[in-house]
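Q: Quick one: structure below, then a few questions.
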Amino acid sequence: MLFLCRLVVAFVLFEGAVATATFAQSVNVGGGAAISLGAGTLNTGCGDIAVSGSGILSVDSGAAIGNRHVNIAGGTINGGSGLISLSGDWTNSGTFNAGSGLVDIVDGCGTTASLVSGNSTFAGFNVASSAGKVLTAAAGATQRFSQSLVLNGVSGNRLLVRSSTPGVATDFVLQSGASQSIDWVDVADNDAS
């Protein structure tokens, strides 16, 4: 019950002035619930974000950071012009409206691998790793990028981009007018266009 009270307090803060809330646990937005960040920041402290049923998380111009995993399980995430940062898995079996926002996969929270599953259209999508992260995309799925795609490793620790099923491609589609920056990356079983 304490968690629900903290979540309600965070919700009230986000509806008003710019606010920052840090949780050391997961945030679940279930059926009928809605959280709008406005220009605020939600930091889960290496917890997870899960949006399910008819739940809605609107990032607006704010930021949802410090996340381990983000799971859209039937719910909706509206990216707005904000930032969603995570270090683990992105799972989309619901609705993701990218807006003009950025999804940023980073090193941290004890994760060395990230899985992107489901079909998503991202405005900006960045994966930057100095630790040699493995980015795995679900075989047969399509990830689209409408504004920018950045995939960066470093010398001696390349970012590895793989399909979840060796020999079965995943698709990365850079839409017309979108930019790309790809450095120090090792790719297998990925069709890019």
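The values are calculated or read from the model by the stated rules, or taken from the named source; none is laboratory data. If you're wondering where the values come from, they're calculated on a predicted model, not measured in any experiment. Cβ atoms come from the backbone with ideal geometry, glycine included; neighbour counts cover every protein chain shown. Ligands, DNA and RNA are stripped out before the accessible areas are found, and what is left, the full protein with its side chains, is counted by its heavy atoms. Shrake-Rupley method; radii C 1.70, N 1.55, O 1.52, S 1.80 Å.
Q: When you look at S163, is it out of contact with any His (no Cβ under 8 Å at 6 or more places or on another chain) and closer than 27 Å to A34 by Cβ, yes or no?
A: no
Q: Moving to a separate point now. Scan the range 152-170 for residues that are closer than 13 Å to T142 by Cα and surrounded by fewer than 17 Cβ atoms within 10 Å (Cβ to Cβ) and jot them down.
A: Correct list: S164, V168, A169.
Q: To continue, here is another question. Being part of a strand (DSSP E or B) and open to solvent by less than 10 Å² (accessible area, probe 1.4 Å) is the filter; apply it to the range 24-58 and report the residue that is nearest to C109 (Cα to Cα).
A: Only one residue fits best here, namely I49.
Q: Among F125, F145, which is under 12 Å from the mean Cα position of the chain (by Cα) and at pLDDT 95 or above?
A: Every option except F125 fails the conditions.
Q: Next question, about the same structure. Given (1) more than 23 Å from S36 (Cβ to Cβ); (2) crowded, with 21+ Cβ neighbours inside 10 Å, identify the lone condition not met by L86.
A: (1)
Q: If you don't mind, another one. Answer yes or no: is there a residue in the range 59-75 that is over 13 Å from the mean Cα position of the chain (by Cα), surrounded by fewer than 22 Cβ atoms within 10 Å (Cβ to Cβ) and not in a loop (DSSP other than H, G, I, E, B).
A: Checking the range 59-75: at least one residue is over 13 Å from the mean Cα position of the chain (by Cα), surrounded by fewer than 22 Cβ atoms within 10 Å (Cβ to Cβ) and not in a loop (DSSP other than H, G, I, E, B).
Q: Further question on the same structure: If a residue has to be in a strand (DSSP E or B) and either small (G, A, S) or within 19 Å of the chain's Cα centre (by Cα) (or both) to count, how many in the range 150-193 make the cut?
A: Looking only at that region, the number is 18.
Q: Within the range 135-193, can you find the residues that are among the hydroxyl-bearing types (S, T, Y) and in contact with a Lys or Arg (Cβ under 8 Å, 6 or more places away or on another chain)?
A: If the condition is that a residue be among the hydroxyl-bearing types (S, T, Y) and in contact with a Lys or Arg (Cβ under 8 Å, 6 or more places away or on another chain), then T136 is the only one that fits.
Residue-by-condition table, conditions (1) touching a residue at least 24 places away in the same chain (Cβ under 8 Å); (2) open to solvent by 20 Å² or more (accessible area, probe 1.4 Å); (3) closer than 16 Å to V150 by Cα:
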| position | (1), (2), (3) |
| --- | --- |
| N97 | no, yes, no |
| G101 | yes, no, yes |
| I105 | yes, no, yes |
| G110 | yes, yes, no |
| S117 | yes, yes, no |
| F122 | yes, no, yes |
| A128 | yes, yes, yes |
| T136 | yes, yes, yes |
